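Engineer: Quick one: the structure is below, questions incoming.
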Amino acid sequence: MRHVLCFASLLALAACRPAAQPAQSEYLFLWAGDSADKATDFLAVIDANPASAKYGSVVTTLPTGVAGTQPHHTEAEMPVNRHLLANGFHAGRTWLFDLTEPTQPKILTEFGDRAGFSHPHTFVRLSNGNVLATYQYKADSATASPAMSTMPMGAMKPHSVDVTGGLVEMDERGTVVRSGAAADSAIPDKLIYPYSVIEMRAVDRAVSTTTNMSHDDKISTSEWVQFWRLSDLKLLQSIALKPGPRGDEHKFTGEPHLLPDGKSVYIHTFNCGLYLLRGVESSAPTTTFVKGFEGTGCGVPVLTGHWWLQPVPAAHSLVALDISDPEHPREVSSVSFGVDEEPHWIAMDPTGTRVVLNSGGWVAKGFSKGNRLFVINFDPTTGKLAIDARFKDAQSDRPGLTLTGRTWPHGFTGTAVPHGTVFSR
C-alpha cells in the first residue's frame with residue numbers, strides 16, 4: 001500500500017508540474033528571389049538567437065537553381081517535422097525543404113500541377129497528417145509548368161488563361177489524396193481563385209478565400225468566401241462579403257483564421273476589412289464587418305491567442321488588436337517602420353513572443369523602398385509590440401536587415417525580393 005501511495009503521489013506531482021514551454025527559435029528561414037529575375041531563387045538561414053554573438057547575421061543560403069519563379073508563400077509556421085513547403089507562384093512550382101539541420105538546409109523534392117489544378121498558393125497541415133493546398137487555376141496543358149529539369153533560368157509568367165482552380169489534399173510530397181473544384185455555377189462570372197484555407201474538422205468543414213494572384217486580372221474583386229465539406233472536398237456554397245462603411249472593404253478576401261472559440265472565423269481582406277464569420281456548419285452562415293484599416297493592400301495577419309496582428313502598409317505599421325470580444329476588436333498597440341517600408345508578411349515564433357516582418361514582395365512592385373527584414377517583440381499578456389533594435393546589420397544604426405545591395409553566401413549580390421519567412425522550431 002505504501003508503494004501504491006508513493007506512486008500516486010509521484011503522479012500527482014507530475015500532473016501539477018507546468019507543461020514544458022516551447023524553446024525560443026534560433027533561426028529564421030527567408031524565401032526570396034532576385035528582383036531582376038536573373039539570379040537563382042533561394043532560401044536563406046538567419047541567426048535569430050538573441051543570445052548569439054552573430055544575432056541577425058546570414059548563416060547560409062540554399063539556391064534552388066531556378067530564377068524568376070516569384071518566391072511567394074511558405075507555410076505560416078514551421079511544421080513539427082521541420083519540412084517546409086514553399087511555392088514559386090509564377091512558375092506554379094512547390095519545393096519541400098528539409099530544415100531538421102537548420103544550418104544545412106536541403107531540398108527533399110519539388111512538384112507542380114496536381115489533380116488537374118495549377119499554381120498553388122497556401123499550404124495547411126491538417127490534423128490527419130496530410131496537407132490541404134489551394135490551387136488557383138485549372139491546369140492548362142498548353143501552359144502547364146514544365147518539369148524542373150527542363151525549366152530554363154529566367155522569368156516565369158503567370159498562367160495565360162485564369163480558369164477557376166480548387167483544393168487538393170495530399171501528402172507533403174505532393175501525392176494526391178482527394179481534390180475538389182472551386183467553380184460555382186451560382187456565380188455567373190466564375191471569377192473565383194482559391195487563395196487560402198482553414199480546417200474545421202469538428203464540423204467537417206473547410207473555409208477558403210478567393211483572391212487571384214495574377215496581376216493581369218482586372219475584373220475579379222474576389223469578395224467571395226467558400227464552404228467545403230472537409231471529408232470529401234465537396235464545395236457546398238459560396239457567399240460574398242458585404243461592403244463596409246467605406247464601400248470597398250469586402251474586396252479581395254485573404255486570410256481566414258479560426259478564433260479561440262473553435263467555431264467562429266475571422267476573414268481579412270486585402271482592401272483592409274476584417275469580417276466575423278459565424279454559423280459555418282449551417283446552411284446559412286453569416287458575415288459581419290467588424291473593423292477597417294487605413295488604405296488598401298493590408299498584409300498577411302497572424303492570430304495568436306486573443307490577439308490579431310495586422311500589417312497595414314498604408315500606415316507603414318503593424319497593429320495589435322485585442323479580439324476577446326470578436327464583434328468589437330480593440331486596438332491596443334502598434335509599431336511604425338518608417339515611410340519607406342510597406343509591411344506585408346508576418347509570422348510568429350513558437351513561443352508567441354516574437355514576430356518576423358518583411359515587405360513580402362512589395363519591393364518588386366516599387367512600393368517598399370526600405371526592403372528590410374524586422375523582428376518585433378510581442379508581449380502576449382498586454383499586446384504590446386516593440387521593434388527589436390538588436391536585430392540589425394552590423395555597423396548599422398537602423399533596426400532590421402537590409403535586403404537590397406546585399407551579398408548572399410551563394411554569391412548573389414543585388415536586391416532580394418522576400419516573401420515567406422518563418423522561425424525555426
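Engineer: Would it be correct to say that SER333 is of a type in the set (Ser, Thr, Tyr) and assigned to a loop (DSSP other than H, G, I, E, B)?
Structural biologist: Numbers: of a type in the set (Ser, Thr, Tyr): yes; assigned to a loop (DSSP other than H, G, I, E, B): no.
Answer is no for this residue.
Engineer: So, one more: Take the residues of region 61-72 that are in contact with a Leu (Cβ under 9 Å, 6 or more places away or on another chain) and surrounded by 19 or more Cβ atoms within 10 Å (Cβ to Cβ): which is nearest to ALA32 (Cα to Cα)?
Structural biologist: Filtering region 61-72 for residues in contact with a Leu (Cβ under 9 Å, 6 or more places away or on another chain) gives 61-64, 71.
Still in the running and surrounded by 19 or more Cβ atoms within 10 Å (Cβ to Cβ): 61-62, 64, 71.
Details: THR61: 10, LEU62: 11, THR64: 11, PRO71: 5 Å.
Restricting to residues being in contact with a Leu (Cβ under 9 Å, 6 or more places away or on another chain) and surrounded by 19 or more Cβ atoms within 10 Å (Cβ to Cβ), the top hit is PRO71.
Engineer: How many residues, within region 31-47, are under 16 Å from GLY68 (Cα atoms) and either under 19 Å from the mean Cα position of the chain (by Cα) or in a strand (DSSP E or B) (or both)? Give the steps one after another, and end with the answer.
Structural biologist: To start, the set of residues in region 31-47 that are under 16 Å from GLY68 (Cα atoms) comprises 31-43.
Those left that are additionally either under 19 Å from the mean Cα position of the chain (by Cα) or in a strand (DSSP E or B) (or both): 31-34, 40-43.
So the count comes out to 8.
Engineer: Within region 367-380, identify whether any single residue is loosely packed, with under 14 Cβ neighbours inside 10 Å and free of Cβ contacts under 8 Å to residues at least 40 places away in the same chain, and answer yes or no. Explain how you work it out, then say what you get.
Structural biologist: Pass one, region 367-380, residues loosely packed, with under 14 Cβ neighbours inside 10 Å: none.
No, the conditions are met nowhere in region 367-380.
Engineer: Answer yes or no as to whether GLU249 is in a strand (DSSP E or B), among the charged types (D, E, K, R) and either surrounded by 20 or more Cβ atoms within 10 Å (Cβ to Cβ) or in contact (Cβ under 8 Å) with a residue 24 or more places away in the chain (or both). Full working, then the answer.
Structural biologist: Numbers: in a strand (DSSP E or B): no; among the charged types (D, E, K, R): yes; either surrounded by 20 or more Cβ atoms within 10 Å (Cβ to Cβ) or in contact (Cβ under 8 Å) with a residue 24 or more places away in the chain (or both): yes.
So GLU249 fails the test.
Engineer: Pick from region 265-295 the residues that are among the hydroxyl-bearing types (Ser, Thr, Tyr) and surrounded by 17 or more Cβ atoms within 10 Å (Cβ to Cβ): which of them is nearest to PRO380 (Cα to Cα)?
Structural biologist: Step one: of region 265-295, the residues among the hydroxyl-bearing types (Ser, Thr, Tyr) are 266, 269, 275, 282-283, 286-288.
Right, trim to surrounded by 17 or more Cβ atoms within 10 Å (Cβ to Cβ) and you get 266, 269, 275, 287.
Working: TYR266: 19, THR269: 24, TYR275: 23, THR287: 28 Å.
Only one residue tops the list, namely TYR266.
Yes or no, residue by residue, for (1) at pLDDT 95 or above; (2) small (Gly, Ala, Ser):
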{"site": "ALA53", "(1), (2)": "yes, yes"}
{"site": "ASP98", "(1), (2)": "yes, no"}
{"site": "PHE117", "(1), (2)": "yes, no"}
{"site": "PHE123", "(1), (2)": "yes, no"}
{"site": "ALA142", "(1), (2)": "no, yes"}
{"site": "ALA147", "(1), (2)": "no, yes"}
{"site": "MET153", "(1), (2)": "no, no"}
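Yes or no, residue by residue, for (1) assigned to a loop (DSSP other than H, G, I, E, B); (2) within 23 Å of VAL124 (Cβ to Cβ); (3) at pLDDT 95 or above:
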residue	(1), (2), (3)
GLY244	yes, no, yes
LYS263	yes, yes, yes
TYR275	no, yes, yes
THR288	no, no, yes
GLN310	no, yes, yes
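Engineer: Something else: Could you grab me the full set of residues in region 181-208 that are out of contact with any Asp or Glu (no Cβ under 7 Å at 6 or more places or on another chain) and in a strand (DSSP E or B)?
Structural biologist: If the condition is that a residue be out of contact with any Asp or Glu (no Cβ under 7 Å at 6 or more places or on another chain) and in a strand (DSSP E or B), then ALA181, VAL197, ILE198, GLU199, MET200, VAL207, SER208 are the ones that fit.
Engineer: Here's something else I'd like to know. Hey, can you tell me all the residues within region 58-98 that are of a type in the set (Val, Ile, Thr) and part of a strand (DSSP E or B)? First the steps, then the outcome.
Structural biologist: Within region 58-98, the subset of a type in the set (Val, Ile, Thr) is 58-61, 64, 66, 69, 74, 80, 94.
Within region 58-98, VAL58, VAL59, THR60, THR61, THR64, VAL66, THR74, THR94 meet the criteria.
Residue-wise test of (1) touching a helix residue (DSSP H, G or I) at 6+ places or on another chain (Cβ under 8 Å); (2) at pLDDT below 95.
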position: SER196; (1), (2): no, no
position: ARG201; (1), (2): no, no
position: LYS218; (1), (2): no, yes
position: GLN226; (1), (2): no, no
position: LEU230; (1), (2): yes, no
position: LYS234; (1), (2): no, no
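The values are calculated or read from the model by the stated rules, or taken from the named source; none is laboratory data. Treat the numbers as computed from the prediction; the structure is a model and nothing was measured. Cβ atoms come from the backbone with ideal geometry, glycine included; neighbour counts cover every protein chain shown.
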